[in-house]
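These notes concern the structure reproduced below.
Since every read-out is calculated from the coordinates, none of them should be taken as a lab result. These numbers come from a predicted model, not from an experiment. Positions of Cβ are generated from backbone atoms using ideal geometry, with glycine treated the same way; all protein chains shown enter the neighbour counts.
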Ligand code: NAD
């Protein structure tokens with residue numbers, strides 16, 4: 001077996017622990033900065049205010065305007081707020097939407113970022129940014145936009161609603177799944193992906209009944225850091241392409257779409273690379289796609305595209321879009337197979353592989 005590979009570590013400092021959000025000011029100082037602007041969505045404005053208060057002398061202000069898909073006009077408002085407040089760094093407090101805003105600000109100003117994630121999306125450890133302008137989404141990859149410090153404080157996820165906990169966790173699992181067969185995978189990304197599966201399996205089911213269990217919350221955050229790091233390290237394939245197509249062209253909700261598609265894209269590729277997806281079968285049982293479908297069902301995850309209001313009449317166009325611009329995938333992609341895969345996901349059929 002060949003041992004050739006390229007591995008590049010994420011340069012961010014990663015801090016884990018209950019209550020560690022309170023050290024954010026100290027990290028501002030360690031970065032050589034003195035005034036932080038705290039970013040959040042409008043929904044998390046109050047909690048962002050609390051984070052800003054804890055910063056004491058390091059506080060520059062808050063900007064609670066982050067929204068999905070990082071619209072460029074919101075980023076411009078945030079950059080203006082950064083300058084008005086005399087801030088020299090940002091703290092992104094929230095899910096992938098807020099993290100995206102932090103990255104977009106760094107892209108334009110070069111200020112360092114501290115990320116305090118409150119979902120399992122994993123964006124805080126990837127150099128990837130999707131932005132929208134005039135209804136068009138473009139995605140870029142730039143190592144310069146990686147957050148400098150990431151603080152995983154499980155206390156902040158205790159209030160993550162049950163359904164978001166489930167879909168956000170499965171969104172992260174999808175990063176790890178595609179990492180297993182990525183063309184540019186390496187031994188470390190594979191270790192991380194497998195450990196992420198083990199850790200989500202050990203935490204997500206328990207969180208359904210015990211959402212306030214800090215140990216389980218910490219375990220799930222650990223799993224999401226691993227999965228996010230895999231996403232940030234290696235290339236993605238069919239699963240991410242389909243989810244971006246559904247989200248970008250049909251406005252389906254991000255994490256739910258990933259959660260629904262995961263068993264189907266896994267099953268599709270399991271036919272071609274069963275040996276690479278074997279860790280999923282080992283951890284979840286049986287055939288990988290079927291096992292993930294059973295796992296999703298057992299934790300009350302959404303299982304069908306029709307459940308999220310996707311019109312059956314749109315399946316043809318979705319299949320066209322998802323199979324155009326040929327991209328790398330371990331199993332060749334053709335429109336007929338993708339159309340069948342989408343139909344199965346629309347119906348919620350249990351995959352066989
Ligand atoms: P989100 O950031 O859009 O958050 C959804 C809602 O949940 C928001 O109102 C938010 O304020 C709220 N919320 C967040 N944490 C909460 C908590 N602990 N308790 C209560 N409410 C909370 O959702 P997301 O799924 O984290 O992120 C989705 C976005 O991130 C998408 O735009 C996606 O494209 C992007 N994303 C990017 C990457 C990347 O690598 N660039 C990776 C994953 C996701």
Set the Förster radius R0 to 30 Å, insert the Cβ-Cβ distance between residue 336 and residue 307 as r into 1/(1 + (r/R0)^6), and round the FRET efficiency to 0.05. 0.75
Taking other Cβ within 10 Å of each residue's Cβ, how do 63, 295 sort, fewest first? 295, 63
The stretch 1-106, relative contact order [Cα under 8 Å, separation at least 6], %: 29 percent
Antiparallel content of DSSP bridges confined to the chain, in %, to 5: 25 percent
In Å, the Kirkwood estimate of hydrodynamic radius for the stretch 13-157 over Cα pairs equals 14.6 Å
Name the shape class, rounded, prolate or oblate, that the alpha-carbon gyration tensor gives for the stretch 290-329, where a ≥ b ≥ c are the square roots of its eigenvalues, rounded holds for a/c under 1.5, and otherwise prolate holds if a/b is larger than b/c and oblate otherwise. oblate
Three principal axis extents, largest first, for the C-alpha atoms of the chain, in Å? 58, 43, 43
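Return the Rg/Rh ratio of the stretch 187-290 with Cα-based radii and a Kirkwood Rh.
0.97
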The simple spin-label model distance between residue 343 and residue 49, using points 7 Å out along Cα→Cβ, in nm, is 5.4 nm
For residue 6 and residue 80 in one chain, what is 0.36 nm times their gap in residues minus the Cα-Cα distance, to one decimal in nm? 22.7 nm
Could you state the angle between the C-alpha long axis of helix 72-85 and the longest principal axis of the C-alpha atoms of the chain, as a value from 0 to 90 degrees rounded to the nearest 10? 20 degrees
If a/c stays under 1.5 just call it rounded; otherwise compare a/b with b/c (prolate if a/b is bigger, oblate if not). Do that for the stretch 162-347, with a ≥ b ≥ c from the square roots of the Cα gyration tensor eigenvalues. oblate
Can you give me the angle between helix 45-54 and the longest principal axis of the chain, using Cα atoms only, in degrees from 0 to 90, rounded to the nearest 10? 50 degrees
Rel. contact order, % - alpha carbon contacts under 8 angstrom, at least six apart, the chain: 14 percent
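Can you sort 129, 39 so the residue with the fewest Cβ neighbours within 10 Å comes first?
Details: 129 22, 39 31.
With the sparsest Cβ surroundings first, the list reads 129, 39.
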Which percentage, to the nearest 5, of the DSSP beta bridges contained in the stretch 13-157 is antiparallel? 25 percent
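Name the shape class, rounded, prolate or oblate, that the alpha-carbon gyration tensor gives for the stretch 111-199, where a ≥ b ≥ c are the square roots of its eigenvalues, rounded holds for a/c under 1.5, and otherwise prolate holds if a/b is larger than b/c and oblate otherwise.
rounded
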Sort 209, 47 so that the residue with the fewest other Cβ atoms within 10 Å of its own Cβ comes first and the one with the most comes last. 209, 47
Which residues in the stretch 282-318 have a backbone N closer than 13 Å to a point placed 7 Å from the Cα of residue 352 along the Cα-to-Cβ line? 290
Please find the FRET efficiency linking residue 320 to residue 294, where r is the Cβ-Cβ separation and R0 is fixed at 25 Å, and quote it to the nearest 0.05. 0.20
Okay, helix-only estimate at 222 nm for the chain: each DSSP H run of n ≥ 4 adds -39500 (n - 2.57), divide by all residues, round to 500 deg cm²/dmol; what do you get? -16500 deg cm²/dmol
So residue 208 and residue 73, fully extended at 0.36 nm per residue minus their Cα-Cα distance, gain in nm 44.8 nm
Using alpha-carbon coordinates, inclination of helix 214-233 to the longest axis of the chain, degrees: 80 degrees
With N residues in the stretch 240-353, what two-decimal value do you get for its Cα radius of gyration over 2.2 N^0.38 Å? 1.00
